[in-house]
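A.B. asks: Would you mind keeping the following structure in view while I ask a few things?
The values are calculated or read from the model by the stated rules, or taken from the named source; none is laboratory data. Please read all numbers here as calculations on a predicted model, not as lab measurements. So basically every Cβ, Gly included, is an ideal-geometry build from the backbone, and we count neighbours across all protein chains shown.
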Amino acid sequence: KAGVTQTPRYLIKTRGQQVTLSCSPISGHRSVSWYQQTPGQGLQFLFEYFSETQRNKGNFPGRFSGRQFSNSRSEMNVSTLELGDSALYLCASSFSGGSGTDTQYFGPGTRLTVL
Amino acid sequence: AQSVTQLDSQVPVFEEAPVELRCNYSSSVSVYLFWYVQYPNQGLQLLLKYLSGSTLVKGINGFEAEFNKSQTSFHLRKPSVHISDTAEYFCAVSVVGSGNTGKLIFGQGTTLQVKP
């Protein structure tokens with residue numbers, strides 16, 4: 001089975017721009033979670049989608065948004081980029097994600113650099 | 001609210017020596033516990049998880065962890081490390097039940113440096 005794929009792997013943007021990151025989950029997985037990883041704040045949960053609906057959201061400003069398509073692929077968007085948005089963005093997929101017991105399988109991440 | 005504390009930011013150890021990476025958690029509700037490993041320029045890979053039952057959990061690559069409810073700890077151990085174990089290790093929890101779907105709460109990570 002193919003793993004979780006994320007595109008692009010690297011991005012460089014400037015302040016004020018917006019960016020869209022893509023995540024394709026493992027086949028059959030319907031839950032996709034997104035995380036931000038920075039040296040200062042560590043790994044922080046952004047949001048989780050299941051069947052095209054956002055079920056859970058972390059403590060991030062509204063500039064961070066996401067969506068999920070009918071094939072379970074997910075995108076996250078960051079508008080009006082700030083320097084502090086520079087991070088590794090990881091997505092993880094699981095079968096259902098609901099009970100907390102499902103293993104989350106992580107993609108390799110998208111490294112976003114904001115100049 | 002839940003929180004995870006990894007007590008050591010870096011752990012240097014010689015090859016073939018044993019290692020323990022410490023993790024404590026705080027939660028007012030029941031949680032599941034996980035250990036993930038991250039190799040450079042890669043995503044996270046699950047090493048092991050504790051859901052219920054036996055408090056000693058065995059994972060991949062020879063790692064094991066012990067859940068201690070009274071001390072709210074979930075320390076990771078390996079009896080003999082290899083150079084290839086050099087990586088960053090993350091302890092994480094998720095809340096039991098459906099109230100926090102898809103959300104893992106991570107510790108700050110411990111960098112394991114295995115020296116020849």
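A.B. asks: Answer yes or no: is there a residue in the stretch A:1-8 that is of a type in the set (A, V, I, L, M), within 11 Å of another protein chain (Cβ to nearest Cβ) and crowded, with 18+ Cβ neighbours inside 10 Å.
C.D. replies: yes
A.B. asks: Scanning the stretch A:13-33 for residues that are of a type in the set (A, V, I, L, M) and in a strand (DSSP E or B), which turns out nearest to A:TYR49 (Cα to Cα)?
C.D. replies: A:VAL32
A.B. asks: Identify all residues within the stretch B:68-86 that are assigned to a strand (DSSP E or B) and surrounded by 20 or more Cβ atoms within 10 Å (Cβ to Cβ); write none if there are none.
C.D. replies: B:PHE74, B:LEU76, B:LYS78
A.B. asks: Have a look at B:LEU56, B:LEU44, B:LEU112, B:LEU104 and point out the one that is crowded, with 17+ Cβ neighbours inside 10 Å and more than 14 Å from chain A (Cβ to nearest Cβ).
C.D. replies: B:LEU112
A.B. asks: Out of the residues in the stretch A:12-25 meeting the condition of being within 14 Å of the chain's Cα centre (by Cα) and among the hydrophobic types (A, V, I, L, M, F, W, C), tell me which one is surrounded by the most Cβ atoms within 10 Å (Cβ to Cβ).
C.D. replies: Among those residues, the one meeting the criterion is A:CYS23.
A.B. asks: Moving on to the next point. Among the residues of the stretch B:25-40, is any farther than 22 Å from A:GLY58 by Cα, part of a loop (DSSP other than H, G, I, E, B) and free of Cβ contacts under 8 Å to residues at least 60 places away in the same chain?
C.D. replies: Checked the stretch B:25-40: at least one residue is farther than 22 Å from A:GLY58 by Cα, part of a loop (DSSP other than H, G, I, E, B) and free of Cβ contacts under 8 Å to residues at least 60 places away in the same chain.
A.B. asks: What pairs can you find where one residue is in the stretch A:81-109 and more than 9 Å from chain B (Cβ to nearest Cβ) and surrounded by 24 or more Cβ atoms within 10 Å (Cβ to Cβ), the other is modelled with pLDDT under 95 and part of a loop (DSSP other than H, G, I, E, B), and their Cβ atoms are less than 8 Å apart, with a gap of 6+ or different chains?
C.D. replies: Partner pairs satisfying both residue conditions: A:SER93/A:HIS29; A:SER93/A:GLN104.
A.B. asks: Here's something else I'd like to know. Does the stretch A:40-80 hold any residues that are of a type in the set (Phe, Trp, Tyr) and either more than 14 Å from every other protein chain (Cβ to nearest Cβ) or touching a Lys or Arg at 6+ places or on another chain (Cβ under 8 Å) (or both), and which are they?
C.D. replies: A:PHE45, A:PHE47, A:TYR49, A:PHE50, A:PHE64, A:PHE69
A.B. asks: Now, a different point. Mind telling me which of the residues B:SER70, B:SER80, B:SER84 ends up being more than 8 Å from chain A (Cβ to nearest Cβ), more than 27 Å from A:GLY40 (Cα to Cα) and without any contact (Cβ under 8 Å) to a residue 60 or more places away in the chain?
C.D. replies: After applying the criteria, what remains is B:SER70.
A.B. asks: Follow-up. Being under 18 Å from A:SER96 (Cα atoms) and not in a strand (DSSP E or B) is the filter here, so list the residues in the stretch A:53-85 that pass it.
C.D. replies: A:PHE69, A:SER70, A:ASN71, A:SER72, A:ARG73 - these are the residues of the stretch A:53-85 that are under 18 Å from A:SER96 (Cα atoms) and not in a strand (DSSP E or B).
A.B. asks: May I pose another question? Which of (1) away from chain A (no Cβ under 14 Å); (2) surrounded by fewer than 19 Cβ atoms within 10 Å (Cβ to Cβ) is the odd one out, the single condition B:ALA65 does not satisfy?
C.D. replies: (2)
A.B. asks: Moving on. Determine whether the stretch B:2-12 contains at least one residue that is within 14 Å of another protein chain (Cβ to nearest Cβ), among the aliphatic types (A, V, I, L, M), closer than 18 Å to A:GLY58 by Cβ and in contact (Cβ under 8 Å) with a residue 24 or more places away in the chain.
C.D. replies: Scanning the stretch B:2-12 turns up at least one residue that is within 14 Å of another protein chain (Cβ to nearest Cβ), among the aliphatic types (A, V, I, L, M), closer than 18 Å to A:GLY58 by Cβ and in contact (Cβ under 8 Å) with a residue 24 or more places away in the chain.
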